[in-house]
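Trainee: Attaching a single structure in structure tokens format; questions to follow.
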Amino acid sequence: MIEVETLQGIFYCEVMPHTAPDGSTAGHFIVEPTQVDGLNDCGDNRLTLTACHPKRSPASASWSPR
């Protein structure tokens, strides 16, 4: 669970499993820096988190689709 506090209140988000391009299922996976489709608007109340991988490296990105 991820807790998000905004002016509208406190919200709890659940990390949902997602199938990665290689067929594995996880709550997160590593993508190429040019693969930005995970940031597209999916028409729902989705929270997308991004991070550098390896840590503190802007060379690539990790994202969680939900």
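Bear in mind that the values in this text are calculations on the coordinates, not laboratory data. Being a predicted model, the structure only gives us computed values, none of them experimental. Neighbour counts run over all protein chains shown; Cβ positions are idealised from the backbone, glycine included.
Trainee: Quick one: if you stick a label point 7 Å off each Cα along the C-beta vector at LEU47 and ASP22, how many nm between them?
Mentor: 2.8
Trainee: Right, something else. Report the label-to-label distance for ASP37 and THR6 in nanometres (one decimal), using points 7 Å from each Cα along the Cα→Cβ vector.
Mentor: 2.6
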